[in-house]
1. Exactly which trypsin sites (Lys or Arg not before Pro) in segment 135-182 are in a DSSP loop and have at most 12 other Cβ atoms within 10 Å?
2. Compute the Rg/Rh shape ratio of segment 126-231: radius of gyration over Kirkwood radius, all on alpha-carbon atoms.
3. For every other residue with a beta carbon closer than 12 angstrom to the beta carbon of Gln202, add +1 if it is Lys or Arg and -1 if Asp or Glu, then tell me the sum.
4. For segment 212-248, state which chymotrypsin sites (Phe, Trp or Tyr not before Pro) are in a DSSP loop and have at most 11 other beta carbons lying within 10 Å of their beta carbon.
5. Quick one: length gained pulling Ser236 to Glu188 fully straight, 0.36 nm per residue minus the C-alpha distance?
6. Which whole number of Å³ per residue matches the convex hull of the alpha-carbon atoms in segment 158-202?
7. Quick one: dipole size for segment 166-244, taken about the Cα centre, charges +1 on Lys/Arg Cβ and -1 on Asp/Glu Cβ, in debye to the nearest 20.
Amino acid sequence: MLTVAGCAACESGSGPVGVVEAGAQSQAAAPPAGAPVIHPAPNRSRGDSFVPTGTRPFFATVPSPSPAALGAPVANAGKRTSCDRPPVSSEIIHSAPGLPPADYVVVASRPGIGAGALLTTYQQVHLGYPVMGFGYFVSTKDCTVISQNGKLMRNLPNQYPTPVSQTVALQFALRALKHRGPAPWVAEPNRYHVPVGNLVLQPRVTFPTPHDISLAWAFNLHGAGLPAMAVTVDASTGEMLAFQSPWVE
């Protein structure tokens, strides 16, 4: 998944380990009180929204304590249950202890600071798309919320312009990177591979409002033979919205 400036914090473990709403209603039995409510993610492809797999979200953390949630016990507190380690998957979670109401996916769950603590990373999603730069870290111990920080983008539009195809978006990316001549994977197919893109909701400015966020194609360029690690382009105009340099900054 595409990251932007600041990814050193991601790799060090001090920041998020990575970039991913509207799922169909589950027909399963209702979960016990206090447990996360989980619905399957939409099964979509091409121009439709979908939740990319194998991606790592990036969002800048902004302290946003929720006093009502901090220290709030979860069902079966003291026992080792699913709330100790939420599953990392593309399933949409509509609620979970320590989170404000919204749609999320769990992108990481790993040991936190202190014996028995767990740090879970939740990526905000909307209409099945990851909202880049938004989500939460929630620290728990024995199914009790210890702390949380992050941010949420509210009041996002319920409709976006129809995106161009991934093939056209890749041409946008090549143009944005000022690449000339045949694509590396065309010139040397045994050496380079075609990048795979994911549809995301990408802020166009540093401090965005809901209307400063565009539907975009995000490409991981590892192994593609291009002078970038990742690039994100507007899914309608082709404007480059984010870029990750191959050089350590």
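1. Sites meeting the loop and neighbour criteria: Arg154, Lys178, Arg180.
2. Reported Rg/Rh, Kirkwood definition of Rh: 1.10.
3. With Lys, Arg at +1 and Asp, Glu at -1, the neighbours total -2.
4. Working: sites: Trp217, Phe219, Phe243, Trp247; in loops: Trp247.
When the chymotrypsin sites (Phe, Trp or Tyr not before Pro) of segment 212-248 are filtered for loop state and at most 11 Cβ neighbours within 10 Å, Trp247 remain.
5. 14.4 nm
6. Spelled out: Cα convex hull of segment 158-202, divided by residues, is 86 Å³.
7. On the way: 5 positive and 4 negative charges, 44 e Å.
Its charge dipole is roughly 220 debye.
We did not get these values from a lab; they are worked out from the coordinates using the rules stated. Everything numeric here is computed off the predicted structure, so don't read it as measured data. Don't worry about glycine lacking a Cβ; one is built from the backbone with ideal geometry, like all the others, and counts go over all protein chains shown.
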